[in-house]
Amino acid sequence: MSATIIDGKAFAADIRGRVAEQVAALKADHGITPGLAVVLVGSDAASEVYVRSKGRMTVEVGMESFEHRLPEETSEADLLSLVAQLNADPAVHGILVQLPLPGHMNSDAVINAIDPAKDVDGFHISNVGLLGTGQKAMVPCTPLGCLMMLREHLGDMSGKEAVVIGRSNIVGKPMAHLLLGESCTVSIAHSRTKDIADVVRRADIVVAAVGRPKMVRGDWIKPGATVIDVGINRVEAEGGKTRLVGDVDFDAAREVAGAITPVPGGVGPMTIACLLANTLTAACRANGLPEPEGLTV
Ligand code: NDP
């Protein structure tokens, strides 16, 4: 039986719609317009694309977008002084410094200079600690998007076996914490895991965040499992073109899984939607207002 396809594109549009409604209410009832500042250093082509679409969608949901483009040779001290300026600016509720930063900068130092309350990427060490200890945090956007899709599709996940493949700080580890928060029994697999197929075969929930095209094979998937594919890999296609594929062999896995996200059109669109949701959350918290409904963990 073929799996249900979890449509991240449609779900992300729904989230953006809900954010837009709550932004309009915030403006009307409290005169507050949430503001997101995005800082891009250098001219990495992929980062340029992300920053452009983040700016466009921020404006589309009625928020204020502040873009700061700095040249590649900007010093770390100058970047830190911009971050301090944004921290102090009451019109800015969310700050995102686009990664990767140029090699001469210490990314950890820059991220940890952001006011944790405005750290809408959820990468500040305080937010990492809050999430890890089950407290209210700013949750990294990609794992938050994965969790929202899982909640929507599965509802209660308590007691389910979940495996996260990948242990990065931006996806794998926060994802594992979120699944623990849902009372799943969580395994984290990585490049040193001995028999990864065996670990995956036990899982009711599989989140693949590896960066290796189609690494997760169809015969690794437990029948009926829910599969969330975070991977974005550009591979060669016919006619000298390229196309995007995930970390999961989608065609094989969909024959076994209960539900699966496609690539593209799965996790990807959810990431920016969750960035907007986090900015709204930050604006509400900064003003002592209730958290936006259905958009936080
Ligand atoms: P990283 O490279 O930081 O981490 C990859 C992880 O995969 C590591 O923990 C690594 O293990 C593990 N890994 C690598 N090879 C294997 C293997 N053969 N078997 C098992 N585990 C392995 O990647 P990210 O977490 O940043 O991203 C993962 C993927 O998700 C990428 O394709 C990226 O493009 C995509 N992505 C998508 C986003 C979206 O919006 N949809 C957002 C962010 C990322 P080890 O630690 O042992 O080296």
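How many percent of all Cα-Cα pairs in region 63-176 sit more than 20 Å apart? Intermediate values should be presented prior to the final figure.
Values: 3150 of 6441 pairs.
Tail of the P(r) past 20 Å holds 49 percent of the pairs.
What fraction of the DSSP beta bridges in the chain is antiparallel, stated in percent and rounded to the nearest 5?
Working: 4 of 34 bridges.
Of the beta bridges lying entirely in the chain, close to 10 percent run antiparallel.
At 7 Å along the Cα-to-beta-carbon direction for both residue 112 and residue 235, put a label point, then send me their distance in nm to one decimal.
Computed distance between label sites residue 112 and residue 235 equals 3.9 nm.
Computed over the Cα atoms of region 57-96, what is the convex hull's projected area averaged over all directions, in nm²? Working shown, then result.
Details: hull surface 13.0 nm².
With the hull built on Cα positions only, its mean projection is 3.2 nm².
Could you quote the convex hull projected area for region 245-288, Cα atoms only and averaged over all directions, in nm²?
Working: hull surface 16.4 nm².
Dividing the Cα hull surface by four gives the mean projection, 4.1 nm².
If you split all Cα-Cα distances of the chain into 10 Å bins from zero, what percentages do you get per bin, shortest first?
Bins of 10 Å from zero give 6, 28, 34, 23, 8, 1 percent of pairs.
Cα extents of region 31-115 along the three principal axes, largest first, in whole Å?
Principal axes ranked by extent give 40, 28, 17 Å for the Cα atoms.
Heavy-atom accessible area per residue, the chain, 1.4 Å probe: how many Å²?
Details: 13430 Å² over 297 residues.
Spelled out: the 1.4 Å probe surface of the chain, per residue, equals 45 Å².
Compare the peptides 205-217, 227-239, 177-189 by average per-residue count of other Cβ atoms within 10 angstrom and give them in order, highest first. All intermediate terms of the calculation are to be shown ahead of the outcome.
Working: 205-217: 22.0, 227-239: 17.6, 177-189: 19.5.
Peptide ranking by packing, descending: 205-217, 177-189, 227-239.
Between residue 217 and residue 180, what is the label-point separation in nm under the 7 Å Cα-to-beta-carbon projection?
It works out to 3.2 nm between the two label points.
Using a Förster distance of 41 angstrom, determine the FRET efficiency expected from the C-beta separation of residue 49 and residue 158, and round it to 0.05.
On the way: r = 39 Å, r/R0 = 0.94.
The computed FRET efficiency comes out at 0.60.
For region 199-241, with only Lys/Arg (+1) and Asp/Glu (-1) charged at the beta-carbon, what is the dipole magnitude about the Cα centre, in debye rounded to 20?
On the way: 8 positive and 5 negative charges, 26 e Å.
The calculated dipole for region 199-241 is roughly 120 debye.
In whole Å, what is the distance between the alpha-carbon centres of region 229-297 and region 194-210?
Measuring centre to centre over Cα atoms gives 19 Å.
If you roll a 1.4 angstrom probe over the protein chains with everything in place, what fraction of the accessible area of region 141-269 belongs to carbon and sulfur, to the nearest %? Each step should come with its number before you reach the end.
Values: 2770 of 5950 Å².
Answer for region 141-269: carbon and sulfur cover 47 percent of the accessible area.
Residues in region 200-234, backbone N under 19 Å from the label point at residue 2 (7 Å along the Cα-to-beta-carbon vector): list them, ranges by number please.
Within reach of a label on residue 2, which here means backbone N under 19 Å from a point 7 Å along Cα→Cβ, region 200-234 contributes 218-219, 223-229.
Bin by bin, in steps of 5 Å, what percent of the Cα pairs in region 219-297 do you find, going until the bin that has the longest distance?
Result returned by the calculation: 3, 14, 16, 14, 13, 12, 11, 8, 5, 3, 1, 0.
Mean Kyte-Doolittle of at least -0.5 and a Cα length of 20 Å or more along the axis: which whole DSSP H helices of the chain meet both?
Details: long enough: 8-30 (32 Å, -0.12); 45-60 (23 Å, -0.36); 267-286 (28 Å, 1.20).
Helix filter hits for the chain: 8-30, 45-60, 267-286.
Taking the Cα centroid of region 137-177 and of region 60-107, what is the distance between the two, rounded to the nearest whole Å?
27
Order of 39-50, 120-131 by packing, highest average Cβ count within 10 Å first? Numbers along the way, then the final one.
Values: 39-50: 15.7, 120-131: 20.8.
Going by the mean number of other Cβ atoms within 10 Å, highest first, we get 120-131, 39-50.
Label region 189-248 by shape, choosing from rounded, prolate and oblate, from the square roots a ≥ b ≥ c of the eigenvalues of the Cα gyration tensor; if a/c is under 1.5 it is rounded, and otherwise prolate applies when a/b is larger than b/c, oblate when it is not.
Numbers: a/c = 2.50, a/b = 1.91, b/c = 1.31.
Prolate, since a/c reaches 1.5 and a/b exceeds b/c.
Find the Cα radius of gyration of region 141-269, compare it with 2.2 N^0.38 Å by division, and give the number to two decimals.
Working: Rg = 13.7 Å, N = 129, 2.2 N^0.38 = 13.9 Å.
Ratio of Cα Rg to 2.2 N^0.38 Å: 0.98.
Mind listing the long-range amide H neighbours of residue 37? Cut-off is under 5 Å, sequence gap 5 or more, other chains count too, H placed in the peptide plane at 1.01 Å from N.
HN-HN under 5 Å from residue 37: 66, 93, 94, 95, 96.
The values are calculated or read from the model by the stated rules, or taken from the named source; none is laboratory data. Model, not experiment: these values are computed from the prediction. Note that each Cβ is placed from the backbone with ideal geometry, even for glycine, and that neighbours are counted across all protein chains shown. Just the protein is used for accessible areas: all its heavy atoms, side chains included, with ligands, DNA and RNA removed. Shrake-Rupley method; radii C 1.70, N 1.55, O 1.52, S 1.80 Å.
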